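Student: So that we are looking at the same thing, I have put the structure below in structure tokens.
The values are calculated or read from the model by the stated rules, or taken from the named source; none is laboratory data. Values in this document were obtained by computation on a predicted structure and should not be read as measured data. Positions of Cβ are generated from backbone atoms using ideal geometry, with glycine treated the same way; all protein chains shown enter the neighbour counts. Just so you know, the surface numbers come from the protein's heavy atoms only, side chains and all, with ligands and any DNA or RNA stripped out. Shrake-Rupley method; radii C 1.70, N 1.55, O 1.52, S 1.80 Å.
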Amino acid sequence: WMMLEYYRFSDIDISPYLPFIEQAVIFYDEHYRFQCKQRTGKELDENGKLVIYPANSLENHPGACNPCLPIMGMHQILTRLLELPEKYCPSERKRRWRAILGRLPDLPIAREQGRRIIKTAENYRHREGNFGVMSGLWPFQCYGLGLPDLELIQDTFLHGLAEPFRESVSAFFPGVIFYARLGMAEKARKKAERKLSSGPYRFPAFWPESIDYAPDHNWGGSGMVGLQEMLMQTHPAAPASLHGEADADALRLENENGEKIRLLPAWPGDWDVNFKLHAPNRTVVEGKVRGGKFVELNVKPKQREDDVILQ
């Protein structure tokens, strides 16, 4: 996914990366079809879908069946492979990726008090302390501001994660990123202020050991990502449904927000800032904000100015 994002931002020659990307996709398809056949005599389930089992989710949930993280990741990676120009992805290869996309399992969804909440996996309950359920918001960007079904991922975050995992700012915990991606500026502000406060050591950016080690670069790294997401967000066009509400052959919904650049989507109105950030399509956005208003904004190339959304 990072390789594909690198291509989306820089338009580099992606061909050196394609064997790695493609073999990751092929492994999930061929390995789990083999596993299913060993157990049941058939490569796919009764609905012709892949069964991702046995698996896990991030570092946890052993023996998971159809965990949400690889479903969302595979969906986005396959979709992006299918969008590549012919020189990178010829038609016969696209037929293979389309077939794999069509047999991905649906997302495991729980329903509680009228809410739909993404489960870690089919055989695990929701309300798990695991950020795999949020991978569709970040980094895979299946959901986001201006994209369909934002309520699903918002309810998953607010009602499907254990509160200590959602609210912690230590180590890699990415709550600040999720609050920013959901456009919740005040929550994101509080998390960023705590996340990026000084550590207890001589050097301010040396955060303490809580899960990993000292100095904990994951602590500051996730804080920096969250701060940037508060300031600017970009994402691909809205994906086809991940949970059985659209044909699997529909690669992406027609959605003009896919090429947009959202500025100040979760930025506190009383925070002044000077910034220079890179956006997709070799775009550079530079600006100054004072009192919640832009006093200077430069977008290069100039034709990308029409794609800027000021929140």
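Student: What FRET efficiency would be calculated for the residue pair residue 278, residue 15, taking the C-beta separation as r and a Förster radius of 30 Å, to the nearest 0.05?
Tutor: Efficiency, rounded to the nearest 0.05: 0.85.
Student: As I understand it, the value is the acute angle between the Cα axis of helix 185-195 and the longest principal axis of the Cα atoms of the chain; what does it come to in degrees, rounded to 10?
Tutor: Tilt relative to the chain: about 80 degrees.
Student: Using the alpha-carbon atoms, what tilt in degrees (0 to 90, nearest 10) does helix 18-40 show relative to the longest principal axis of the chain?
Tutor: Computed tilt is about 40 degrees.
Student: Same structure again: Positive end of the charge dipole of the stretch 105-194 (Lys, Arg +1 and Asp, Glu -1 on Cβ, about the Cα centre): tell me which of 175, 192, 133 has its Cα farthest that way.
Tutor: 192
Student: Next question, about the same structure. In whole angstrom, how long is each semi-axis of the equivalent ellipsoid of the chain, when you take the square root of 5 times every eigenvalue of its Cα gyration tensor and sort them from largest down?
Tutor: 33, 25, 18
Student: So, one more: Show that you can apply the helix-only estimate: for the chain, add -39,500 (n - 2.57) for every DSSP H stretch of four or more residues, divide by all residues, and state [θ] at 222 nm to the nearest 500.
Tutor: Theoretical 222 nm ellipticity from helices: -11000 deg cm²/dmol.
Student: Related question: For an R0 of 35 angstrom, estimate the FRET efficiency from the Cβ-Cβ distance between residue 58 and residue 95 and round to the nearest 0.05.
Tutor: Calculated value: 0.65.
Student: Okay, moving on. Using mean Cβ contacts within 10 Å as the protection proxy, how do 183-194, 35-46 order, highest first?
Tutor: Listed from highest to lowest mean packing, they are 183-194, 35-46.
Student: Leaving ligands and nucleic acids out of the surface, order 103, 181 by accessible area at 1.4 Å, largest first.
Tutor: In descending accessible area the options line up as 103, 181.
Student: Heavy-atom accessible area per residue, the chain, 1.4 Å probe: how many Å²?
Tutor: 49
Student: Another one. Peptides 104-110, 115-121: what's the order by average Cβ count within 10 Å, highest mean first?
Tutor: Packing proxy ranking, top to bottom: 115-121, 104-110.
Student: On a 0 to 90° scale, report how tilted helix 217-231 is relative to the longest principal axis of the chain, with both axes built from alpha carbons and the result rounded to the nearest 10.
Tutor: 80
Student: Which order do the peptides 85-92, 209-216 take when ranked by the mean count of other beta-carbon atoms within 10 Å per residue, highest first?
Tutor: The densest-packed peptide leads the list: 209-216, 85-92.
Student: Could you please state how large a percent of the accessible area of the chain is carbon and sulfur, counting protein chains only and using a 1.4 Å probe?
Tutor: Within the chain, the accessible surface is 51 percent carbon and sulfur.
Student: Now for a different question. Over the Cα atoms of the stretch 1-154, how large are the radius of gyration and the largest Cα-Cα distance (Dmax), in Å?
Tutor: 16.2, 49
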